[in-house]
1. Calculate how large, on average over all directions, the projected area of the Cα convex hull of chain A is; give the answer in nm² to one decimal.
2. Taking the Cα atoms of the protein assembly as shown, report the difference between the largest and smallest coordinate on each principal axis, in whole Å and largest first.
3. In nm to one decimal, list the spacings between the residue B:251 label point and its equivalents in the other copies, with label points set 7 Å along Cα to Cβ, shortest first.
4. Equivalent ellipsoid semi-axes for the range B:99-190, as square roots of 5 times the alpha carbon gyration tensor eigenvalues: give them largest first, rounded to whole Å.
5. What does the copy distance list look like for residue B:73, label position 7 Å along Cα→Cβ, in nm and ordered from shortest?
6. Going 7 Å from Cα along the Cα-Cβ axis for the label, what nanometre distances separate residue B:98 from the same residue across the other copies?
7. Evaluate peptide B:162-172: per residue, the Cβ atoms of other protein chains within 10 Å of its Cβ; return the mean as an integer.
8. For peptide B:229-238, compute the average count of partner chain beta-carbon atoms within 10 Å of each residue's beta-carbon.
C-alpha cells in the first residue's frame, strides 16, 4: 500500500492569510483568497493546502440567521431559562440538530445533519453582528471543492482546501481546530500494512491528516485577529478525492454514541 | 485578561529534527536533541517549542516491558482469545489502567493512571523490538520539565517542550497527535473575557494550544521515518507553568465518563 502523504524531512511553513475584508453574503471567497495570496506575494506550489475558517465560508454563503426572526419552542425556552441562555439561539441549535448527544449543565452536544458531533451543533454568535447567529455551511465538502477548483485554476497547480472549525473533545480541555470540509487531498493517511522501523507491520495507525493540518493552521489564525485563513507550504500532499465526511466515524464503528 | 499567546500574523515553521540515533534506556534525550539542533545548524529563539514523541521518551526512561516476563491473568487471556490479541500485551494494558472506559469489539479505551483516556492505556508494540511493549512515561510533565531545563540552559533562551502521542477521538476517524507532557508554556489559551471582532465578549473559547502544536509537529514526524521530534519556530509562545494535566478534563466537568 502506498502512503497518500510522504512525510518529508523538510520544514513546513504555516502562513497567515491576512488582509481579507469583512466577508458578507454572496462574496467570492476564493477570489478574496487569491487576492490575499497576490498581495502577500506568495508563490503557490503543487500540493499546498489552504485552510479556511468555517465562519467566513458561512458568511459568504449567507448561512446567517437573524435572531429576531426565530420563534423559540417551549423546549428551547425552558432550557434557555434554566441556564441563562438566549432561547432563540437554543432554537436555532435544535434546528441544526439531528441527534442530541448530551444536553445537560448548560451544554448542548449535538450531532448535526452532516454528522459532526460538536457543541451547539456548530451554531455560533461570536464574530458576527449582534442579533445574528451563524450556521455551519450546508455542505462543507461541496464548499471546499468549489473553492479548490477556483484556486487550482487561478494558480495553475493542484492545491487542497480544508474548511475548519474549532471543536471541543470529550476528556480533554480546550478546543482544537478540525476539518469540516476537504477537497483535493485524502483526509486520512492509512499506514496499515506498512512497516515500522523494526520491520513490523503497523495495524492500527490511521492519521487524521486533515484535522492535523487544520490544527496547525489555527496557530496563525486566532480568534481575535482578522486572520480567517492560512496557507500550508512545504508539504507534499498528494492529490486525492478525500472529504470531510471521511473524518466522521460511522455509527457502527462508534463506541461513544 | 492577558492572552498567554499572541497570535502572530507572521509565519510559523515546523522543522523536523532528524538524525537522532535509536534511543535506548538511560540515554540523555535532551543531549541528543541539542546535538540534532547543532547538526542542522538551527538557531533557537526565545519562545520556540520542541515537540518530542512519547516513544523515544519512554525508551530513554526505560519504560519498556519484556513480554516474556508477563504472566497474563484469566481476564486478559479470555479477552485476548476472543479477539486474537496477545494476552501478555492485554495484561500490560490492564496494568496501566485506572478505569476501563470501553472494552468491546477488540478495542480497549482506558483511563491511565495519569488520567489520559486513550486506546490500550498508551501501551504500544510498534517501533520497538519484538517481544517488547512501551508504556507511557510515568510522569510526562516531569519528563518535559527536565528536558526543558536542559534545553533552555544549553541554548540560553526560554523554550517550551511538549511530549506528544497520537490518540484516537470519539466520533472522528483517525488519530491526531496530542500533548501528554508540557513544560515552559501554558497548555491552554484562554480567550474568555476578551472581545471578538464585533466587540462582543467571548465566553466559551479556550484553545488547546499544546495539542495544536503537537498536531502541527506530527506533520513532519511521521510513523515510518526516524523523525521523533520537531521544532516549531516563528512562534511567540509566552513562558508559563502549564502542564499536560491541564489538558485533562476534570471528572466533575466531563460529560462523557
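1. Working: hull surface 60.6 nm².
The directionally averaged projection comes out at 15.1 nm².
2. 68, 52, 46
3. Copy-to-copy label distances at residue B:251, shortest first: 3.3 nm.
4. Values for the range B:99-190, descending: 28, 17, 11 Å.
5. Here residue B:73 shows inter-copy label distances of 4.6 nm.
6. The answer, with the shortest distance listed first, is 3.5 nm.
7. Numbers: counts 0, 0, 0, 0, 6, 3, 5, 13, 10, 18, 12.
Averaged over the peptide's residues, the number is 6.
8. On the way: counts 0, 2, 1, 4, 2, 5, 3, 0, 1, 0.
Across B:229-238, the average partner-chain Cβ count within 10 Å equals 2.
Bear in mind these aren't lab numbers, they're just calculated from the coordinates by the rules spelled out. Only a predicted model underlies this, so the values are computations on that prediction, with no experimental measurement involved. Backbone-built Cβ (ideal geometry, glycine too); neighbour counts: all protein chains shown.
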